[in-house]
Every structure is written in structure tokens, then in C-alpha cells.
Amino acid sequence: MRHSCIFVAVAAGTLSLAGCGLESSGSSSFNPAINVSLGFSSFTLTEAMDTTLFNDLYQAVEADPADPDFSDAQRVAENIREELSVFLNLGLSEDKSTITTVRNPLDLMRRVIGEDEVTSFTEARQYISEKIDAKEVGIYDTTTNGVSVQFTDQGAAEAEAGAELTDYFWVYPTVKWVHTPDTTGNVIRTLVWVAAGTFPENSTRPSAALGTEFLGRDFATAGYNDEARIVTEGTVVIEGEREMSFSRTYTGLQADTVIIDGTRIGTSEFPEDPDKPSGTKEGAKFSFAGQPEDISCLKFEMDYSVPEVRIYTSSGEAPRLANPESPDETIINPDYCTNLESPTFKYSSAPTGLRS
């Protein structure tokens, strides 16, 4: 089902940039966001895998050979990696221990921003940095200005006649940086991608969203800025009514939580009426770690301080239940994987030196 995130709100080759005039967002701040159109030889990233969003987690779930349940733990680790690969379109080494290629909208946008390839995005961070120094509100927001970011995979577009639009044309309706000195004084960046093309009626359009909070005092105008990163939250929705949501903390208690289950439409008893997403139907099932029956909900927590992985699963359970005392209302299902108090399985993971 859809998971709420604190910061996320959905409202390589030769690069070419097209822009329009700048617009003001109001008397208290200036919003310099413009249209951006980029052409790539390919959306597939083949270098610097250490900069990709989930590279550290992919390595961190490796089971510790000293774990007494190593065989079972390693099977679980392999299945976690398989699920990450499906949602993030990862290419893997022969033994599947490392990521060799990445092709997804979140990592591509991170790479474009992090490598300082686009003048508009570089100027956006410089503008936000100036607002931090001045202790003033700063906003760069494509949505407010009615502009967007569009990427074209020229190789994919030319490789096959009749290729699906969503395979080679990626649209980001929201690219946003916000600095608000009256609250935390930090910077929140929001990235939203929505699949182009047509999809079946009463289905969920694939999408991805990433919200990242950066420490204002450490916010940099160049590079990936991961040293200033505090937390990231987001979602990736794929075809088949499946969704992965995640929350990753990079300061203090370093931990990740990932949930894989059904979309809001996929768990609704009222698919013909999206305004009634009751969540009283189990989501799409998938196999996991050799369990005797397919599951419909997976939650795993990576605790880097131990290090330890905790697994929560459920099958045949819906996110919510009909309220027996009020048929027009629903209540939380305590047996759904996200609501379980004790893990279904846990294991020690091999220390990687990442985020420890």
C-alpha cells in the first residue's frame, strides 16, 4: 500500500539543455527553476557504483559466516538483493555479490546532480547556499514554476522501433530544494519521477520519489553532498501493483527500513473507485527465501551498529481490516508485516565498514 514519507510529496552521454525564463515565487523568496531537457546515450550507469543510492545496503545485508543459521541467513540475504534488483533494475556480478550496472530514475537523477553536469542544478544549489548564509527562505521548485525535467535515452529510442515511451523518455515533474531557517535550518531536496506512456485502467502508474534532508551548515554546492545527508525517504512503484518504500538514517543511529508490498490500488477492495483505498485486500504475492508459501508483505531492517538484519513477513494478510464496530471504517491489521512486533527471522550480517 502507499506509505507516507516525511519529505516526499508527489504533487552519461552528450547532454543538451533547453530553458525558459525565470519566474518569481513570491515576495519572500525567488524560485529560479526552469525547464531542463537532457539527452543521454543511455540511462544505464556503468561506473562509480559506490555513488548509487543502495550500494551500501546491498553489501551490508551479506550474512556473517559466523551466524549459527548462516545457510538460512544467506538465502534471505540473496532474496533481499533480488528484490532490490527488481525495483532498482540492477545489473550484478556473476556471483551476485556486487552491483555492476544501475538503471532507474532516482540513481540517474542523483548522478546528474552529483556530477555537476547541469548548470541549472548547480545554480540551484548555489542559490540555496546563499540563502543559508543569509538565513533566508530559499526555494528551487519546478512544480511551483510549472516547469519540469525531461530525460531521453537516445540509444533506447533508436534501438527498437515501437519501443515503449516509458523505456526511453523519463519525466520528473518535481525537482526541488527548500531551505527554511525558521524550522531546522536544514535543506530538503525532493525528486519525483512518473512514468510516461499509457497503463491499464485501475492500475498504478509506475513512479519513484526520493526526499533527502541535508544539514544546512554542511550543505555543499557541488558533488553528491552525501556528507551532509541526514535521512532519505522514498518509494518506488513498479508494474504489477508492487511498491518498495524506504527510510534510511545516516546520522546517530544508522539504520535502514525497507518495506515491499502492494500499492494502494493493489490492496483496495474498490479498484474502480480510487477515492476509497480501503487497503482491505492483500497485495500481489511473491516468493521469498524458500518460504513454503508466497508472501505479500516484506519488511526488513538493517541495523549497521550491530550489524544485524531483521525480517518481518506476512502472507494472506491485508494492510487493514474492516472495523467490526463500524463497517464504514477500517482498522490496522496487527498481523500485517509492517505491524509485527517481533521479527519473523533475524541474522547477523558481515561487517562491511560502511556506515558503521
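Would you pick out the residues in region 206-220 that are in a loop (DSSP other than H, G, I, E, B) and more than 15 Å from the chain's Cα centre (by Cα)? Within region 206-220, Leu215, Phe219, Ala220 meet the criteria. Gly138 falls short on exactly one of the conditions (1) surrounded by fewer than 17 Cβ atoms within 10 Å (Cβ to Cβ); (2) over 23 Å from the mean Cα position of the chain (by Cα); (3) of a type outside the set (Lys, Arg), and that condition is (1). Take the conditions within 30 Å of Thr352 (Cα to Cα) and hydrophobic (A, V, I, L, M, F, W, C) and apply them to Val102. Does it pass? The answer is yes for Val102. If you filter region 221-256 down to residues that are of a type in the set (A, V, I, L, M) and outside any strand (DSSP E or B), you find that the one that is farthest from Val61 (Cα to Cα) is Ala222.
Among the listed residues Asp167, Asp133, Asp182, which satisfies the condition of being among the acidic types (Asp, Glu), modelled with pLDDT of 95 or more, open to solvent by 50 Å² or more (accessible area, probe 1.4 Å) and outside any strand (DSSP E or B)? On inspection, the qualifying residue turns out to be Asp133. Counting only strands (runs of 3 or more DSSP E) that sit completely within region 257-356, those holding 1 or more residues that are among the aromatic types (Phe, Trp, Tyr), in contact with a Phe, Trp or Tyr (Cβ under 9 Å, 6 or more places away or on another chain) and open to solvent by less than 20 Å² (accessible area, probe 1.4 Å) correspond to 297-303, 308-314, 345-348. Each residue in region 51-71 was checked for being among the charged types (D, E, K, R) and part of a helix (DSSP H, G or I), and 1 of them qualify. Of all residues in region 227-249, those satisfying the criterion of being within 28 Å of Ala124 (Cβ to Cβ), in contact with a helix residue (DSSP H, G or I) (Cβ under 8 Å, 6 or more places away or on another chain) and of a type outside the set (Lys, Arg) are Glu227, Ala228, Gly234, Val236, Met244. Right, Thr46: at pLDDT 95 or above and within 30 Å of Arg205 (Cβ to Cβ) or not? For Thr46, the condition - at pLDDT 95 or above and within 30 Å of Arg205 (Cβ to Cβ) - is met.
Of the residues making up region 77-98, those that are open to solvent by 10 Å² or more (accessible area, probe 1.4 Å), farther than 17 Å from Leu210 by Cβ and not polar (S, T, N, Q) are Glu78, Arg81, Glu82, Glu83, Val86, Gly91, Leu92, Glu94, Asp95, Lys96. Counting only residues that are in a helix (DSSP H, G or I) and farther than 20 Å from Val147 by Cβ, how many does region 82-105 have? Counting residues in region 82-105 that are in a helix (DSSP H, G or I) and farther than 20 Å from Val147 by Cβ gives 7. Restricting attention to region 61-95, the residues being under 18 Å from the mean Cα position of the chain (by Cα) and small (Gly, Ala, Ser) number 2.
Residue pairs whose Cβ atoms lie under 9 Å apart, separated by 6 or more positions or on different chains, with the first residue in region 112-128 and within 8 Å of Thr221 (Cα to Cα) and polar (S, T, N, Q) and the second at pLDDT 95 or above and part of a helix (DSSP H, G or I), are Thr122/Ile113.
Evaluation of Thr101 against the conditions (1) crowded, with 17+ Cβ neighbours inside 10 Å; (2) farther than 30 Å from Thr183 by Cβ; (3) touching a strand residue (DSSP E or B) at 6+ places or on another chain (Cβ under 8 Å) shows that the sole unmet condition is (1). Listed conditions (1) touching a helix residue (DSSP H, G or I) at 6+ places or on another chain (Cβ under 8 Å); (2) surrounded by 16 or more Cβ atoms within 10 Å (Cβ to Cβ); (3) over 22 Å from Gly290 (Cβ atoms) are all met by Asn145, apart from (1). Residues in region 106-120 that are part of a helix (DSSP H, G or I) and either among the β-branched types (Val, Ile, Thr) or modelled with pLDDT of 95 or more (or both): Leu106, Asp107, Leu108, Met109, Arg110, Arg111, Val112, Ile113, Gly114, Thr119.
The values are calculated or read from the model by the stated rules, or taken from the named source; none is laboratory data. All values reported here derive from a predicted model rather than from experimental measurement. For neighbour counting, all protein chains shown are included, and Cβ atoms are generated from backbone atoms with ideal geometry for every residue, glycine included. What goes into the accessible areas is simple: the full protein's heavy atoms, side chains included, and nothing from ligands, DNA or RNA. Shrake-Rupley method; radii C 1.70, N 1.55, O 1.52, S 1.80 Å.
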